[in-house]
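Notes follow once the structure below has been shown.
The values are calculated or read from the model by the stated rules, or taken from the named source; none is laboratory data. Computed from a prediction, not measured in an experiment: that's the story for all the values here. Glycine gets a Cβ as well: all are built from the backbone with ideal geometry, and neighbour counts include every protein chain shown.
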Amino acid sequence: MRKLVLGLDTSNYTTSVTVTDADTGEILADERILLTVKQGEKGLRQSDALFQHWQNLPDLLERVLPVYGKEICCIAVSEKPRPQEGSYMPVFTAGVHAARILAAQTGARLVLCSHQEGHIWAAAHGNGIDPLSGGPLICAHLSGGTLELVLRETDGQSGVSYTICGGTKDISYGQLLDRMGVDLGYPFPAGKSIDDLACRFAPEGQKNPFSRVFVQKTYLNLSGLETQLKSPKIGQTLSKEAAAYFAMERIAESFCRIADAACEETGAANVLVTGGVACSAFLRRYCKNKGYRFGDARLCSDNAAGVSLLGGAACR
């Protein structure tokens with residue numbers, strides 16, 4: 001009989017359930033439901049997101065448990081945003097409570113981890129990177145609410161440690177793109193809409209009208225770019241496509257600057273890029289010659305695959 005791992009993740013905007021094989025790492029089932037945000041709004045309250053997770057979990061579990069339930073030996077779940085003391089967000093309690101109920105009922109082992117660790121494991125999958133070994137690694141977590149550079153270090157005795165070594169001093173790339181997209185009339189989350197617009201535009205020598213993002217070593221501030229994006233230039237002198245292109249260009253160049261600075265400061269040889277913003281075709285194209293390791297686009301957005309893979313490693 002196979003040893004299968006059920007992974008659960010209840011993040012800000014996605015309910016996710018995944019089943020993986022603990023021995024082979026094969027992803028057997030990957031089910032997700034995006035949370036609903038009303039037209040024109042730029043996010044969800046934690047209480048509203050938590051309610052939606054409880055509505056979605058039974059539907060997702062009914063898709064996988066009849067098929068794989070008898071072979072599940074481990075249930076892994078993200079219990080908090082980051083692998084740090086005091087990290088907490090109410091939405092994750094939905095997944096934790098469901099995992100505890102299932103573990104108590106089945107006798108399966110319960111493994112707790114963080115949402116960010118799940119992103120790292122998902123991005124490393126099939127990417128030639130072992131999350132548990134190797135030299136220093138910069139993990140860039142670029143999502144709707146997060147812009148962090150995390151230094152992953154391994155030690156034969158103490159295991160794996162994660163230290164924030166860069167990121168944003170104000171808002172994230174995802175927040176900036178979502179706000180811009182909603183202002184332009186696109187539904188939340190709007191990052192993909194902005195990315196699609198940017199990829200369709202050809203600047204043909206046109207100079208970027210937006211100032212460069214303020215960067216200080218491995219940290220940056222995006223409020224200046226956000227202010228420029230709210231100016232009358234959009235809709236008057238810039239088309240939606242041009243505004244998206246030039247905004248994405250500033251985002252991409254600022255990311256490369258802080259990622260390269262983090263490698264220089266830490267001695268890390270590789271940058272692993274994950275999170276919803278890492279799905280951006282524009283960003284991937286811009287960084288093509290940088291040598292960064294982008295996770296599979298399907299596994300960069302919020303999912304439970306990385307959580308399940310981490311649980312599988314704990315069971316081996």
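Are any of the residues in region 228-242 surrounded by fewer than 18 Cβ atoms within 10 Å (Cβ to Cβ) and within 24 Å of the chain's Cα centre (by Cα)?
Within region 228-242, the first condition is being surrounded by fewer than 18 Cβ atoms within 10 Å (Cβ to Cβ), and the residues that meet it are 228, 230-233, 235-237, 239, 241.
Checking which are within 24 Å of the chain's Cα centre (by Cα) leaves us with none.
Scanning region 228-242 turns up no residue that is surrounded by fewer than 18 Cβ atoms within 10 Å (Cβ to Cβ) and within 24 Å of the chain's Cα centre (by Cα).
Take the residues in region 77-109 that are of a type outside the set (S, T, N, Q) and part of a strand (DSSP E or B); name whichever of them is nearest to Leu4 (Cα to Cα). If we take residues in region 77-109 being of a type outside the set (S, T, N, Q) and part of a strand (DSSP E or B), then Arg109 is nearest to Leu4 (Cα to Cα).
Criterion applied to Pro81, Pro58 was being more than 30 Å from Leu149 (Cα to Cα), at pLDDT 95 or above and not aliphatic (A, V, I, L, M), and the one residue passing it is Pro58. Going through region 293-304 one residue at a time, which ones are crowded, with 21+ Cβ neighbours inside 10 Å, part of a helix (DSSP H, G or I) and aliphatic (A, V, I, L, M)? Passing the criteria: only Leu299.
State all residues of region 179-195 that are at pLDDT 95 or above, buried (at least 21 other Cβ atoms within 10 Å of the Cβ) and farther than 17 Å from Lys230 by Cα; if no residue qualifies, say none. Within region 179-195, Ser193, Asp195 meet the criteria.
Are there helices (runs of 4 or more DSSP H) fully within region 181-292 with at least 2 residues that are in contact (Cβ under 8 Å) with a residue 40 or more places away in the chain and either in the same structural domain as Tyr13 (by TED's automatic domain parsing) or among the hydroxyl-bearing types (Ser, Thr, Tyr) (or both)? List them. Working first, answer last.
Details: elements: 191-200, 223-229, 233-236, 240-266, 281-286.
Counting at least 2 such residues, we get 240-266.
Can you confirm whether Leu176 is buried (at least 21 other Cβ atoms within 10 Å of the Cβ) and either of a type in the set (Lys, Arg) or in a strand (DSSP E or B) (or both)? When the stated conditions are applied, Leu176 does not pass them. Within region 143-173, the set of residues being out of contact with any strand residue (DSSP E or B) (no Cβ under 7 Å at 6 or more places or on another chain) and buried (at least 22 other Cβ atoms within 10 Å of the Cβ) comprises Ser143, Gly144, Thr146. Contact map, region 55-72: residues that are over 17 Å from Ala103 (Cα atoms) and assigned by TED's automatic domain parsing to the domain that holds Ser308 paired with residues that are among the polar types (S, T, N, Q) and crowded, with 17+ Cβ neighbours inside 10 Å, Cβ distance under 7 Å, separation 6+ or inter-chain. Pairs shown: Asn56/Thr15.
Within region 58-91, take every residue that is of a type in the set (Val, Ile, Thr) and surrounded by 15 or more Cβ atoms within 10 Å (Cβ to Cβ) and give me the one that is farthest from Thr18 (Cα to Cα). Steps first, answer last, please.
We begin by selecting, within region 58-91, every residue of a type in the set (Val, Ile, Thr); these are 64, 67, 72, 75, 77, 91.
Next, only the ones that are surrounded by 15 or more Cβ atoms within 10 Å (Cβ to Cβ) stay: 64, 72, 75, 77, 91.
Numbers: Val64: 8, Ile72: 11, Ile75: 10, Val77: 10, Val91: 18 Å.
Going through the qualifying residues, I end up with Val91.
Has region 59-76 got any residue that is closer than 28 Å to Leu176 by Cα and outside any strand (DSSP E or B)? Explain how you work it out, then say what you get.
Of region 59-76, the ones closer than 28 Å to Leu176 by Cα are none.
Scanning region 59-76 turns up no residue that is closer than 28 Å to Leu176 by Cα and outside any strand (DSSP E or B).
When Glu148 is tested against (1) among the charged types (D, E, K, R); (2) assigned to a strand (DSSP E or B); (3) within 21 Å of Thr18 (Cα to Cα), just one condition goes unmet, and that condition is (3).
If you filter region 1-54 down to residues that are free of Cβ contacts under 8 Å to residues at least 24 places away in the same chain, assigned to a loop (DSSP other than H, G, I, E, B) and surrounded by fewer than 20 Cβ atoms within 10 Å (Cβ to Cβ), you find that the one that is farthest from the chain's Cα centre (by Cα) is Thr24.
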